[in-house]
1. Which residues, taken from the stretch 83-120, are open to solvent by 30 Å² or more (accessible area, probe 1.4 Å), touching an Asp or Glu at 6+ places or on another chain (Cβ under 8 Å) and under 25 Å from Lys146 (Cβ atoms)?
2. When you scan the stretch 55-82, how many residues do you find that are exposed (fewer than 15 other Cβ atoms within 10 Å of the Cβ) and among the charged types (D, E, K, R)?
3. Of the residues Thr45, Thr51, which single one is in contact with a Phe, Trp or Tyr (Cβ under 6 Å, 6 or more places away or on another chain), polar (S, T, N, Q) and either more than 22 Å from Ser148 (Cβ to Cβ) or open to solvent by less than 50 Å² (accessible area, probe 1.4 Å) (or both)?
4. If the requirement is being closer than 22 Å to Ile99 by Cα and at pLDDT 85 or above, which of these qualifies: Arg15, Arg55?
5. Spot the failing condition for Leu186; the list is (1) assigned to a loop (DSSP other than H, G, I, E, B); (2) of a type in the set (A, V, I, L, M, F, W, C); (3) within 28 Å of Leu47 (Cα to Cα); (4) more than 21 Å from the chain's Cα centre (by Cα), and only one is missed.
6. Return the residues of the stretch 335-359 that are over 21 Å from Lys287 (Cβ atoms) and either of a type in the set (Lys, Arg) or open to solvent by less than 30 Å² (accessible area, probe 1.4 Å) (or both); say none if nothing qualifies.
7. Going through the stretch 209-229 one residue at a time, which ones are of a type outside the set (A, V, I, L, M, F, W, C), open to solvent by less than 40 Å² (accessible area, probe 1.4 Å) and closer than 11 Å to Arg182 by Cβ?
8. Considering only strands (runs of 3 or more DSSP E) fully contained in the stretch 254-333, which possess at least 1 residues that are polar (S, T, N, Q) and more than 19 Å from the chain's Cα centre (by Cα)?
Amino acid sequence: MTDTVRATALNLLTRVGEEGGFSHVLLDREIGKQRFSSADAGLLTELVYGTLQHRDLLHYWLEPSIKKQKKISPWVKWLLYMSLYQMKMLDRIPDHAIINEAVDISKRKGHKGIASFTNGVLRSIQRNGVPSVEEIEDEAERLAIKTSHPLWLVKRWISQYGYEATEDMCRTNQLRMNESIRVQCLRISREDVLAELREDGFEVEESGFSPQGIIIHNGNIVNHRLLKEGFVTIQDQSSMLVAELMDLKPDHVVLDACAAPGGKSTHIAEKMANEGIVYAYDLHKKKADLIKEKASSLQLTNIHTEGYDARKLQEKHNDGTFDRILIDAPCSGFGVIRSKPDIKYSKEEKDIYRLREIQDAILDHTAELLKQEGLLVYSTCTVDVHENDHAVQDFLERHPEFEVENFKDALPNFLEHRFIEGVGLQIFPQDADSDGFFVTRLKKSSK
C-alpha cells in the first residue's frame, strides 16, 4: 500500500505546489476517498505536510545536483523533494528503499530517462551529502532557508519582533501541532470525554485555554464516535479563547460577522446554553452552509446562518441590535503555518495591506450595530502587527466611543505576559501548543 500512498502524496504535492490547492482540504478529501488505514493516512499526512514545510530547504539541498538540468517537470521536482525529505528527515525507511520507490514512480509516471535522472540525483546525494546552510552569510537569509520561510516574511517579522522571537516562531512552525477538540458541554462533560478517549487508547489532556478544550497527543479522532455523533468538534485551542472572552449570557443577541466554518459560532451558542440567537454570516453561501452543518451536528438550534457580506450588514440589521459582535477577520493566516504550510508560499506582502483594507471596512460597518455598553471582539489567525496592533489602534482613532478592555485577568496565566495594554493579546506559535492568534475585546461606551 505504501507505493499508493507515495503516489498519492506526489499528486497532492504537485497540485498544492503548482496549482495553488489547499493542502488540508485536498488531504482530508483524499484520505476519505481512498479509505486509507490509520497508518497509511498518517504516512500520507507526514509526506505531504513534511515536504511542504521544508520545501525551500529541500530545494537548497537539491540545487547543486539539478542546476545543470535545463528543465525539470514540476512532478519530478516534487518527487525529488519528497524523496529527499524522507532520506534526510525521517528514519523509518532505508535510503535504498526510498530511492527504488522514487525510480518506480518515475517509470510509471514518466519514462526511462526520467527514472535514470531521479536515480542519479538521489544516489549522488546519498553518497556526497547536502550543502550546509551555515555557508549562507546573511542571518535573515540563512534563517529563511533553514526553516523554509519566504525571506521577505522573515525580514518583516525581524523588524516587528526582533531576531530571537522570529527564529523561535520559524522553528516552531516546522513542528507538527497536536490536534485539539472542544467538548459540546450541553451534551457531555469534559471529564466523560477524557475518560472515554483514554479507555479507547488515546493520550489526551485538558486544555488550559478553555474548560471545554482537550489536547490529543496520540489517537485519531476523525473516526471516533464522539466526533461523528457531535459530542466534540475539532478546534484549535487559541480559537477557543474567543468565546471565553465574550462574557456571553443566554439571552444575548450575537453577531458573528465572518463565521465559516462555524467553530466559533457554535462555541458561542454553547456558552449561551443554546438560547438567545447567534447570527452567523459568511460572504459565500457555500461556506455559510458549513456553519449550518456544524450546528446541526452539535445539536444547536439558536444559530441563524446566511451568506452575506460583513461590510453590508447594516442592510440586514438596525444600529444597536447586538449585545456582542465577533469579527474573526479575513487575514494573512501566518499564525496557522504549522497546520497549513502552503500559506507561507502562497501569500505575498501586498496581500497583508489588501486584507487590512477589508478588516477596516468590516470593523467600521459593524461598529454601529453594537449596543451601548456592548462588546466587540476582534480576532485574527495571524501574527502581523499591521493586521493586529495597528488595525485596533487605527479603529480606536476612527471610533473614540470604543476602548480596549483589560481582559488580562481572564487569560490563562501562561498567556498573561502576551497581553499588550491598549491593544490586546498576541499569541505566538511558540507560546503554547496552538496556532498563532490575536484577539482583543472592545467596549462601546455610552458616553
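The values are calculated or read from the model by the stated rules, or taken from the named source; none is laboratory data. These numbers were taken from a predicted model, which means no experiment stands behind them. Cβ: placed from backbone, ideal geometry, glycine included. Neighbour counts: every protein chain shown. To get the accessible areas, we keep the full protein, side chains included, count just its heavy atoms, and leave off ligands, DNA and RNA. Shrake-Rupley method; radii C 1.70, N 1.55, O 1.52, S 1.80 Å.
1. Selection gives Leu90 alone.
2. Qualifying residue count, the stretch 55-82: 5.
3. Working: Thr45 fails: in contact with a Phe, Trp or Tyr (Cβ under 6 Å, 6 or more places away or on another chain).
Among Thr45, Thr51, only Thr51 is in contact with a Phe, Trp or Tyr (Cβ under 6 Å, 6 or more places away or on another chain), polar (S, T, N, Q) and either more than 22 Å from Ser148 (Cβ to Cβ) or open to solvent by less than 50 Å² (accessible area, probe 1.4 Å) (or both).
4. Values: Arg15 fails: closer than 22 Å to Ile99 by Cα.
Among Arg15, Arg55, only Arg55 is closer than 22 Å to Ile99 by Cα and at pLDDT 85 or above.
5. If we test Leu186 against (1) assigned to a loop (DSSP other than H, G, I, E, B); (2) of a type in the set (A, V, I, L, M, F, W, C); (3) within 28 Å of Leu47 (Cα to Cα); (4) more than 21 Å from the chain's Cα centre (by Cα), just (3) comes out false.
6. We begin by selecting, within the stretch 335-359, every residue over 21 Å from Lys287 (Cβ atoms); these are 337-338, 341, 344-345, 348-350, 352-353, 356.
If the condition is that a residue be over 21 Å from Lys287 (Cβ atoms) and either of a type in the set (Lys, Arg) or open to solvent by less than 30 Å² (accessible area, probe 1.4 Å) (or both), then Ile337, Arg338, Pro341, Lys344, Lys350, Ile352, Arg356 are the ones that fit.
7. So in the stretch 209-229, the residues of a type outside the set (A, V, I, L, M, F, W, C) come out as 210-213, 217-220, 223-225, 228-229.
Checking the rest, the ones that are also open to solvent by less than 40 Å² (accessible area, probe 1.4 Å) come to 210, 212-213, 219, 224.
Within the stretch 209-229, Ser210, Gln212, Gly213 meet the criteria.
8. Working: elements: 277-282, 303-307, 322-328.
Filter on the stretch 254-333 gives 303-307.
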